[in-house]
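Everything below concerns the one structure shown next.
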Amino acid sequence: MPMAIEDLRQELTGLLGDRGLLTEWTQRRTYESDGLTGYRIVPALVALPEDVQQVVGVVRACARHGVPLVPRGAGTGLSGGALPHADGVLIALSRMRRIVEVDAANQRITVEPGVTNAQVSRAVAEHDLYYAPDPSSQVVCSIGGNVAENSGGAHCLKYGFTTHHVLACEVVLPDGEVVELGGPTLDAPGYDLRGVFVGSEGTLGIVTKVSLRLLRRPDAVRTLVADFPSPSAAGDAVSANIAAGIVPAAVEMMDNLAIQACEADAHAGFTLDAGAALIVELDGPAAECDAAFADVTRLCNENGATSIRIAGDASDRDLIWKGRKAAFAAMGRLSPDYFVQDGVIPRTRLGECLARIDEMAVEAGLRVANVFHAGDGNLHPLVLYTAADPEQAERAETLSRQIAELCVSFGGSLSGEHGIGADKACSMPTMFTADDLAVMDRVRAAFDPHGRCNPDKVFPTPRLCGERPGPYRPHPLESAGVIERM
Amino acid sequence: MTSTRSASPVAAAAVHRPGDLAAARDAVLAAREADANILVHGAGTKLGWGGRPAPGRNWHVVDTRGLNRLVRHDAGDMTASVQAGMPLRELQAQLAHAGQELAADPSRRARGATVGGVYAAGDGGPRRHHHGGVRDLVIGTTAVLADGTVARSGGDVIKNVAGYDLGKLWSGSLGTLGLVVEMTVRLHPLAEAARAVRVPAAADVATAIVLDLLASPAEPVAVEWSGGAGGGALLVGVEGRAAAVDAQVASVAAVARRHAATVEPVDGEPDVWDAWREAHAGEPGATVARAATRPGDLAAAADALDVAADGTSVGTTLHSHAGLGLHDAVLRGGDAAEHAAVAAAWRERIRAIGGSVVLRDRPAGVDEHVDPWGDPGSGRLLELMRSVKSALDPERRFAPGRFVGGI
Ligand SMILES: Cc1cc2nc3c(=O)[nH]c(=O)nc-3n(C[C@H](O)[C@H](O)[C@H](O)COP(=O)(O)OP(=O)(O)OC[C@H]3O[C@@H](n4cnc5c(N)ncnc54)[C@H](O)[C@@H]3O)c2cc1C
């Protein structure tokens, strides 16, 4: 054990007690990866603070000893954001799970970061309120992780992402000082550092308390599943709906492979031989909902739907969603292992992009299942492989990375909700210029001048990505002839 | 261009009017070369906001109104890239051809308020209640920093978590971090039909109605209150399908009636939203103080304003985005010292209920008595804001003195 870590161990044992500090290798190994299990590093120490004072103590001690720290929530992240540092402290916030305050009248709740996403909605259900962002992992993932990733979910098309629902974050900065970013009201005076913090993937500090905006449960909810001969036909139906001015609460698509896996797992009643299935959900005032729902049904039919199933009641709807949300878990039925990407493309280029992914899969000799948030073009291609075959695993990883970068070349993004983390840091130069990244890094240094908070994540470094800089990508304005490379 | 603007708060040694990104960068570099500070403005409708520019260097002014193009409108994807100096009104007119809009309705559009100016000022209007602020609608930003670095963040798709969301930093920064040249925004479909009702209600009853509306299944797009000690009224807007908006009006009315309030349809009055929206900006010579509270503190904010102005010769009206808890107090009459005293007293009371007050436009002399920003809270938070400022603008060229804490 390096000197600094040994000193730190002694100090932190005093602060956290035996229960709050894991030092044994077998215990620490439990934390070696997040949801991206291909990346594993056993952390030097694992701290399990129970309140903000303990977090401050751990962060200060790390700062004093020059030891890196990595925050972790529930470890469901899919981009290796909570991947530990071998010479660092993993700070797991899972024991900070108090609901601090519910202000039902003003539709706000304040929670500690270890509270799960689903617990928030449960805690306010008696007031007919709920928390809108709904990642499929919501039963397990933590609000701290949601804030760090700016997580989304099926219903973000209408209701927005985590960033639209966070009012305030209490943050322990990398020097151990505590600040409140944002506040109990909108528009706290000063720079919107709350807005910058959300989605910063644990690189700017540790969030120890979060105030969230809640919404009234919608008056009415209408859900249908429409089958189509192909994903591109389903994509046309989505475009037709959007063009008609409909803003659905959710539009999800599954291709045939995904349908088969989900159906086998959840028995949701999906049509096994459909080329693609769309789940469209509308919510809001009943009269609005019914009027729009009639249009959605018509537009799906006009765009070649082969069958339409309308959820008869809440339990039928729950079953449909259970089927959809089972997608990742269900992949185990198709393949022992998979990589999931979450690139985003402009929705109008869906058909084109899926066709290209198909070709790439054939070229790589691998199967790719697609299940995604079709309304906002957020793909979740699942590259199926067998880890026991290292050569295949490597091919799968390459294909997976190429798919994410393909999305960028279509004018989209590397990630719609899972984050960059350790996984996609080296692809960042395909989306941003060196200057863009350097400016983000300047902001990072304003929070964390010594680079100790979740290092080696989000931004490409030579250590991470090799000495060779990433492929050069012209600035969009440069391509337009507006600027020259500077 | 004929749009008016308030007198520039600085004496400009040079005025730049770039038409593209390269010229915008040249303008910033020219200011740097001349060791000058930089004041950015669009139509200039918010030059009176923020602190007064710090003395010291010469000033170069960057007028963004040459950056006036809609660069790209992807109707199918409901996104658009627009140069920062384009008047919002013109943008909306172009988007309307495709049945779309940028769902932002701040005041002063008629005076040419630009998209970038609205973004940099963090301004919003009544429909922010439903659509969020401009900061929530901007999905990508291209800006020039003081050293000439061109930095882009976000992207062209509405869902995107790659890299830091620096777009949030530009919003409300009042031109103190850099020059925003272009933004990509998320669009919304224009509603088929819109209705509004006015509900006469003093602040206390209005507060109860607002909270009940939030707790009801109605989905209003705007919930405004305007009034003073003598009473006031709510204005509630709904939008949707022609066949269904009446049902929405009925559910708003049902809530109001539970509080024994009367409901007056105002759909025959086309200018009603314009009038209510513009009222937030106050009239020349007035002081506008913006308070942020929880929505349930509307009555408390209104009472606090009455108490603060009591015994002075200052008259007050409160114009509130009531569903959001954002209230604009317009102070008129009396002298600058009195305006300052009323604002300071109001701020103290609003702070006591966990809110904040920031001054917007105000007459000369007010700043001698009261800081337009107030105390930004913990020292470490201000220090962090200063660190962010110096990370992006280490020589403090962009509008020094204009932001919180003298940043
Ligand atoms: C089956 C499955 C389905 C999923 N579906 C979705 C989906 O629909 N939408 C979606 O957006 N995501 C989805 N995810 C991804 C994941 O659940 C989210 O990213 C989630 O927000 C991570 O939360 P967590 O608590 O598990 O965080 P972790 O994985 O523990 O950490 C994630 C990141 O947050 C940082 N972090 C955690 N806590 C804190 C804190 N308190 N302060 C500062 N930084 C912190 C970590 O350093 C790391 O960078 C899914 C994952 C799985 C396994």
Can you pull out every residue in the stretch A:81-103 that is touching a residue at least 40 places away in the same chain (Cβ under 8 Å) and among the aliphatic types (A, V, I, L, M)? A:ALA82, A:LEU83, A:ALA86, A:VAL89, A:LEU90, A:ILE91, A:ALA92, A:LEU93, A:MET96, A:VAL100
Would you confirm, using the coordinates I've provided, whether A:LEU15 is away from the ligand (no atom under 13 Å from the Cβ) and not assigned by TED's automatic domain parsing to the domain that holds A:GLY419? yes
Tally time: how many residues in the stretch A:38-60 are in contact with a Ser or Thr (Cβ under 7 Å, 6 or more places away or on another chain) and assigned to a strand (DSSP E or B)? 1
How about the stretch A:110-146: which of its residues are within 13 Å of chain B (Cβ to nearest Cβ), under 25 Å from A:GLN54 (Cα atoms) and either open to solvent by 10 Å² or more (accessible area, probe 1.4 Å) or more than 7 Å from the ligand (Cβ to nearest atom) (or both)? A:THR110, A:GLY145
Test: A:GLY35 is surrounded by fewer than 23 Cβ atoms within 10 Å (Cβ to Cβ), within 12 Å of the ligand (Cβ to nearest atom) and assigned to a loop (DSSP other than H, G, I, E, B): yes
For A:GLU352, indicate whether it is outside the structural domain of A:SER230 (by TED's automatic domain parsing) and at pLDDT 95 or above. no
Filtered residue count, the stretch A:334-359, keeping only those that are crowded, with 18+ Cβ neighbours inside 10 Å, aliphatic (A, V, I, L, M) and away from the ligand (no atom under 14 Å from the Cβ): 4
Among the residues that make up the stretch A:315-324, is at least one of them surrounded by fewer than 19 Cβ atoms within 10 Å (Cβ to Cβ), touching a helix residue (DSSP H, G or I) at 6+ places or on another chain (Cβ under 7 Å) and at pLDDT below 95? yes
Within the set of pairs 6 or more residues apart or between chains, which connect a residue that is farther than 17 Å from B:ALA279 by Cα and of a type in the set (Val, Ile, Thr) inside the stretch B:229-242 to a residue that is open to solvent by 20 Å² or more (accessible area, probe 1.4 Å) and assigned to a strand (DSSP E or B) with Cβ atoms less than 6 Å apart? B:VAL238/B:ARG195
Out of contact with any Asp or Glu (no Cβ under 8 Å at 6 or more places or on another chain), more than 13 Å from the ligand (Cβ to nearest atom) and touching a residue at least 12 places away in the same chain (Cβ under 8 Å): is that true of A:ARG29 in this structure? yes
When the stretch A:166-178 is examined, which residues are found to be within 13 Å of the ligand (Cβ to nearest atom) and open to solvent by less than 10 Å² (accessible area, probe 1.4 Å)? A:VAL166, A:CYS169, A:VAL171, A:VAL172, A:LEU173
Under the condition of being more than 9 Å from chain A (Cβ to nearest Cβ) and at pLDDT below 95, which residue from the stretch B:378-407 is nearest to B:GLY44 (Cα to Cα)? B:GLY406
In the stretch A:323-346, is there at least one residue being closer than 19 Å to A:ALA220 by Cβ, among the acidic types (Asp, Glu) and in contact (Cβ under 8 Å) with a residue 24 or more places away in the chain? no
Restricting the stretch A:179-225 to residues that are at the interface with another protein chain (Cβ under 8 Å from one of its Cβ atoms), farther than 26 Å from B:TRP170 by Cβ and assigned to a loop (DSSP other than H, G, I, E, B), which is least open to solvent (accessible area, probe 1.4 Å)? A:PRO218
Look through the stretch A:90-100, keep the residues that are under 17 Å from A:VAL147 (Cβ atoms) and not small (Gly, Ala, Ser), and return whichever of them is nearest to the ligand (Cβ to nearest atom). A:LEU93
Return the only residue of A:HIS165, A:HIS155 being out of contact with any Ser or Thr (no Cβ under 9 Å at 6 or more places or on another chain) and within 12 Å of another protein chain (Cβ to nearest Cβ). A:HIS165
Filtering the stretch B:280-299 for residues that are within 14 Å of chain A (Cβ to nearest Cβ) and in a loop (DSSP other than H, G, I, E, B) leaves a count of 3
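Matching residues to (1) closer than 19 Å to B:ILE407 by Cα; (2) open to solvent by 10 Å² or more (accessible area, probe 1.4 Å); (3) outside the structural domain of B:ALA286 (by the TED database); (4) at pLDDT 95 or above:
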{"residue": "B:LEU21", "(1), (2), (3), (4)": "no, no, yes, yes"}
{"residue": "B:ARG32", "(1), (2), (3), (4)": "yes, yes, yes, yes"}
{"residue": "B:ASN58", "(1), (2), (3), (4)": "yes, yes, yes, yes"}
{"residue": "B:ARG65", "(1), (2), (3), (4)": "no, yes, yes, yes"}
{"residue": "B:ASP74", "(1), (2), (3), (4)": "no, yes, yes, yes"}
{"residue": "B:THR79", "(1), (2), (3), (4)": "no, no, yes, yes"}
{"residue": "B:ALA84", "(1), (2), (3), (4)": "no, no, yes, yes"}
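Can you find, within the stretch A:57-71, the residue that is farthest from the other protein chains (Cβ to nearest Cβ) among those that are within 13 Å of the ligand (Cβ to nearest atom) and over 25 Å from the mean Cα position of the chain (by Cα)?
So the residue we want is A:VAL58.
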Flag if A:HIS373 is open to solvent by less than 20 Å² (accessible area, probe 1.4 Å), within 16 Å of the ligand (Cβ to nearest atom) and under 20 Å from the mean Cα position of the chain (by Cα): yes
Among the residues that make up the stretch A:61-69, is at least one of them part of a helix (DSSP H, G or I) and either at pLDDT below 95 or not assigned by TED's automatic domain parsing to the domain that holds A:LEU8 (or both)? no
Restricting the stretch A:387-427 to residues that are open to solvent by less than 20 Å² (accessible area, probe 1.4 Å), in a loop (DSSP other than H, G, I, E, B) and more than 12 Å from the ligand (Cβ to nearest atom), the residue that is farthest from the other protein chains (Cβ to nearest Cβ): A:LYS424
If we ask which residues in the stretch A:274-289 are open to solvent by 10 Å² or more (accessible area, probe 1.4 Å), in a helix (DSSP H, G or I) and closer than 16 Å to B:ALA191 by Cα, their number turns out to be 2
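Is it fair to say B:VAL134 is surrounded by 24 or more Cβ atoms within 10 Å (Cβ to Cβ), within 12 Å of chain A (Cβ to nearest Cβ) and hydrophobic (A, V, I, L, M, F, W, C)?
So B:VAL134 fits the description; yes.
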I'm trying to understand the selection: among the residues of the stretch A:74-89, which are more than 6 Å from the ligand (Cβ to nearest atom) and either outside any loop (DSSP other than H, G, I, E, B) or open to solvent by 10 Å² or more (accessible area, probe 1.4 Å) (or both)? A:LEU83, A:HIS85, A:ALA86, A:ASP87, A:VAL89
For the stretch A:94-109, how many residues are over 15 Å from A:THR162 (Cβ atoms) and either open to solvent by less than 10 Å² (accessible area, probe 1.4 Å) or at pLDDT below 95 (or both)? 1
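The values are calculated or read from the model by the stated rules, or taken from the named source; none is laboratory data. Because the structure is a prediction, the values reported are computed rather than measured. No Cβ is skipped: glycine too gets one built from the backbone with ideal geometry, and neighbour counts run over all protein chains shown. In case anyone asks, the SASA skips ligands and DNA or RNA and just uses the protein heavy atoms, side chains included. Shrake-Rupley method; radii C 1.70, N 1.55, O 1.52, S 1.80 Å.
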